[in-house]
Amino acid sequence: MKQIHNYINGALTPPLSGNYMDGYDPASGEVYSQVPDSDASDVEAAVEAAEAAFAEWAATSIDERSRIMMRIADLIEENLDDLAKAESLDNGKPIWLAKRVDIPRASSNMRFFAQAITQFSTQAHEMTNAINYTLRQPLGVVGTISPWNLPLYLFTWKIAPAIAAGNCVVAKPSEVTPMSAFLLSEICMAAGLPKGVLNIVHGDGLKVGAELTKHPKVKAISFTGSTRVGAEIAKVAAPVFKKVSLEMGGKNPNIIFADCDYNKMLKTTMRSSFANQGQICLCGSRIYVEETIYEKFKADFVERTKALKVGHPADETSRMGAIVSKPHYEKILSCIEFAKEEGGKILTGGEAIFPKGYEKGYYIAPTIIEGLPNNCRTNQEEIFGPVVTIMPFKTEEEALELANGTNYGLSSTVWTENLSRANRFAKNLHAGIVWVNTWLLRDLRTPFGGVKSSGVGREGGFEALRFFTEPKNVCIQF
Ligand code: NAD
């Protein structure tokens, strides 16, 4: 049984209560790890360690901070295989995917912000008899709370800008997938990150996440997760004016026009629908197809989806692995049942799968549903699994109205070779991110986040460094 520890004040420490929770391997349904069931006392110890480390870390030169972060990035790369295996075991995603996407992106996050901080600058505003200049100072102790779908990828996406900007961090990974964050603590120790700069407290959302959010010494919370929990965090943070960045759920549209590059669209739509078992906040779960190609698309999409191999994450031939946890697996299956009750027709999938030898794992066949109106629950609520709906549309106006017709607004994808139409959609879609003729193509300098119930604030590039710093204007009269 693997035992996970908290990382507090530069050391691996057991939870003060001595309590642990079971960690599951979703591919087999077996318990394989013990995860600290930390509570307010561990959060307190982590905040104290971060507070004690802050003055020195904030005064550490940018070059030195950057150098240590580069070393962390190097060590993530050197440990690629072990990290990918750990991520896959914890999360159920295919190992090849963790190797190709999750872990390389975690080291890129570190490397990117290690470089970005060397380019971060402030403005000066000249008056006839005075000069204003702006300082951007680190906030102090900040909290990060992240989800299970891209564990190390999203964990480092928050930690990297925070520490680059001179803050000290108390980070809470998802209790469902804590293993790669635990391995990162060992990497940080090996890289020479001073004690207390990063503290990792494992455990339940209510016991650790909520305690972190309400802690008076924690100046900001950077959260990625569900809209429900984001709303809880906003409620706690608002009365004490705590800075928050909230990256939340999505119900992203994928709008396909007849004039698109059909083969490229089909190949990418397979990924945007089912990559990571559909558990990426950016996956396109509502697929709108121009009526003239609807039947052709439907036939091709169903045929390709039927051929997608769902299997054990360690099997190189598996295109999809296991769903992250039993509760989430049951939730997705119940959403599929509900879609049927709403009148949806299952074109393929719609059921659990039991790969030989792993019958107790949590596998679901990639599922395509048609025949549902836009305003039904299946098309309005986030499922966050390998489930998409397809719907025909006649006109551009109709497609836009359907795409914008939810409370969410994270990302959207448009497939068309018509440049004017692409620009009209880019301008009029209610989303923080619009991809035209591509999906999940990311430049880490760009602003990342959503509108409506999908998000408050932006991550990425200098936006993240701005979030983790406080501007102060200095005005000097001559
Ligand atoms: P979740 O909201 O259940 O949990 C996210 C994190 O919050 C976990 O670490 C959890 O322990 C913690 N938490 C739970 N209750 C808390 C509370 N009351 N106070 C503070 N922290 C608390 O989300 P999840 O199920 O882990 O992840 C899936 C969700 O994340 C989906 O909705 C998905 O769309 C979203 N997501 C969004 C983005 C984005 O960039 N917008 C990226 C990835 C995932």
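Would region 363-375 turn up any residue that is assigned to a strand (DSSP E or B), aromatic (Phe, Trp, Tyr) and not assigned by TED's automatic domain parsing to the domain that holds Gly225? Yes: one or more hits. Just wondering, is there one or more residues in region 324-340 that are assigned to a loop (DSSP other than H, G, I, E, B) and open to solvent by less than 30 Å² (accessible area, probe 1.4 Å)? Yes, because at least one residue in region 324-340 is assigned to a loop (DSSP other than H, G, I, E, B) and open to solvent by less than 30 Å² (accessible area, probe 1.4 Å).
Of all residues in region 270-316, which are at positive phi and touching a Gly at 6+ places or on another chain (Cβ under 6 Å)? Correct list: Gly278 only. Just one residue in the set Phe448, Phe425 is crowded, with 16+ Cβ neighbours inside 10 Å, of a type in the set (Phe, Trp, Tyr), at pLDDT 95 or above and touching a Lys or Arg at 6+ places or on another chain (Cβ under 8 Å); that residue is Phe448. All conditions in (1) loosely packed, with under 14 Cβ neighbours inside 10 Å; (2) farther than 30 Å from Asn404 by Cα hold for Tyr358, with the sole exception of (1).
Among the conditions (1) buried (at least 24 other Cβ atoms within 10 Å of the Cβ); (2) part of a loop (DSSP other than H, G, I, E, B), the only one that Leu16 does not satisfy is (1).
Let's see how each residue does on (1) assigned to a loop (DSSP other than H, G, I, E, B); (2) within 23 Å of the chain's Cα centre (by Cα); (3) in contact (Cβ under 8 Å) with a residue 12 or more places away in the chain; (4) more than 18 Å from Gly225 (Cβ to Cβ):
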position	(1), (2), (3), (4)
Met391	no, no, yes, yes
Tyr408	yes, yes, yes, no
Asn423	no, no, no, yes
Lys427	no, no, no, yes
Ala431	yes, yes, yes, yes
Trp435	no, yes, yes, yes
Thr446	yes, yes, yes, yes
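Against the test of being within 27 Å of Phe112 (Cβ to Cβ), open to solvent by 20 Å² or more (accessible area, probe 1.4 Å), touching a strand residue (DSSP E or B) at 6+ places or on another chain (Cβ under 8 Å) and part of a helix (DSSP H, G or I), the options Ala58, Ala53 yield a single qualifying residue, Ala58. Taking region 117-233 and the helices (runs of 4 or more DSSP H) fully enclosed by it, the elements with 1 or more residues that are more than 10 Å from the ligand (Cβ to nearest atom) and open to solvent by 10 Å² or more (accessible area, probe 1.4 Å) are at 179-191. May I ask you to list pairs of residues, at least six apart or on different chains, whose Cβ atoms are under 7 Å apart, with the first in region 173-191 being in contact (Cβ under 8 Å) with a residue 12 or more places away in the chain and among the aromatic types (Phe, Trp, Tyr) and the second being part of a loop (DSSP other than H, G, I, E, B) and surrounded by 22 or more Cβ atoms within 10 Å (Cβ to Cβ)? Going by the 7 Å Cβ cut-off, the qualifying pairs are Phe182/Ile4. Given the criteria more than 16 Å from the ligand (Cβ to nearest atom) and modelled with pLDDT of 95 or more, does Leu282 qualify? Criteria not met by Leu282.
The values are calculated or read from the model by the stated rules, or taken from the named source; none is laboratory data. In this text, all values refer to a predicted model and were calculated from it rather than measured experimentally. FYI the Cβ positions are ideal-geometry reconstructions off the backbone, even for glycines, and counts take in every protein chain you see. Note: areas computed on protein heavy atoms with side chains; ligands, DNA, RNA excluded. Shrake-Rupley method; radii C 1.70, N 1.55, O 1.52, S 1.80 Å.
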